[in-house]
1. For the subset of region 260-274 comprising residues that are over 19 Å from residue 215 (Cα atoms) and touching a strand residue (DSSP E or B) at 6+ places or on another chain (Cβ under 9 Å), which member is surrounded by the fewest Cβ atoms within 10 Å (Cβ to Cβ)?
2. Mind checking whether some residue in region 227-238 is at pLDDT below 95 and within 25 Å of the chain's Cα centre (by Cα)?
3. Restricting attention to region 31-63, and to residues there that are more than 16 Å from the chain's Cα centre (by Cα) and under 13 Å from residue 84 (Cα atoms), which single residue is surrounded by the fewest Cβ atoms within 10 Å (Cβ to Cβ)?
4. If we scan region 353-360, do we find a residue that is more than 54 Å from the chain's Cα centre (by Cα), at pLDDT below 70 and either surrounded by 10 or more Cβ atoms within 10 Å (Cβ to Cβ) or not in a helix (DSSP H, G or I) (or both)?
5. Go through 275, 293 for me and flag whichever is in contact with a helix residue (DSSP H, G or I) (Cβ under 8 Å, 6 or more places away or on another chain) and under 23 Å from residue 48 (Cβ atoms).
């Protein structure tokens, strides 16, 4: 059985395209089941994050996988093809190990991808599409990532997206303690951002979310105020800093909404960061006067800080990965030989049984035992 991986990431595709091929978490299991049934793939897992969408498959044809991905997202395969990488078995294994170890991340060495890959495995398990081969691949990926992090400095001086958001905000508002901050969403990234902003003691913090209960929990933790998302339009002009990261498939903050907010604010500047994929804030908002809008890709330069410290660990990490790739491929070769070994054993057993039966018949006829 052959492995392959197919996908796009922050290095090969712009955010405008990446956001169109995101697999929503609540639909991932159904998508996997549909993919396996439609394209005759024995095993499949999908890693879908802000910075990458990747299909890992055992057996099947990469071309069929691309066609399915395009069809699922209502796109044409030719739209995706220039941005897609297709990795055959050895390269797919190496890639999985590098991704899990943080070597392929926008933020070199960031640890969040490991948790995201584990979520992908759980989804594939629940969908019944994670077989022996892919399960082994991912479990080895997690083990390699652990070894890399424990024996190198790959995670040293990591500047996270959350920390980068605060650094950018400080460039617009040098005194963050005087600003009001609005967080839209209530997931892990918002929680991380709130942790970093709270260290700057902003004037006020508000959490807007569709589910008020979750917003209340974060507000209580960080000394803020909860807000139901439906009240966002009337509340928006109050805030100097807006950080948004929801799971919405469509933008929830439009250009018109921000235009009105800027007028109410009498053109006082507003700093906005959109950490969502697909994006929460319409890109056109960035063209408005007095609005400073940053997307995930815009944060790339900031998060590269500390790269020199971690770059020296990459060579050591790559050596660990190469050793583990060889080990995994050896396991794959042995596994591929199992059917042949089983067949040889069965053939030998059949021949032995046939010879035994022939001898017993000869003895029953009275033939000389020495001759038999």
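The values are calculated or read from the model by the stated rules, or taken from the named source; none is laboratory data. This is a predicted model, so every value here is computed, not measured. As a convention, Cβ positions derive from the backbone with ideal geometry for all residues, glycine included, and neighbour counts pool all protein chains shown.
1. Selected residue: 269.
2. no
3. In this case the residue turns out to be 63.
4. Within region 353-360, one or more residues are more than 54 Å from the chain's Cα centre (by Cα), at pLDDT below 70 and either surrounded by 10 or more Cβ atoms within 10 Å (Cβ to Cβ) or not in a helix (DSSP H, G or I) (or both).
5. 275
Here's the yes/no breakdown for (1) farther than 20 Å from residue 278 by Cα; (2) in contact (Cβ under 8 Å) with a residue 12 or more places away in the chain:
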{"residue": "174", "(1), (2)": "yes, no"}
{"residue": "189", "(1), (2)": "no, yes"}
{"residue": "200", "(1), (2)": "yes, yes"}
{"residue": "206", "(1), (2)": "yes, yes"}
{"residue": "210", "(1), (2)": "no, yes"}
{"residue": "213", "(1), (2)": "yes, no"}
{"residue": "222", "(1), (2)": "yes, yes"}
{"residue": "242", "(1), (2)": "no, yes"}
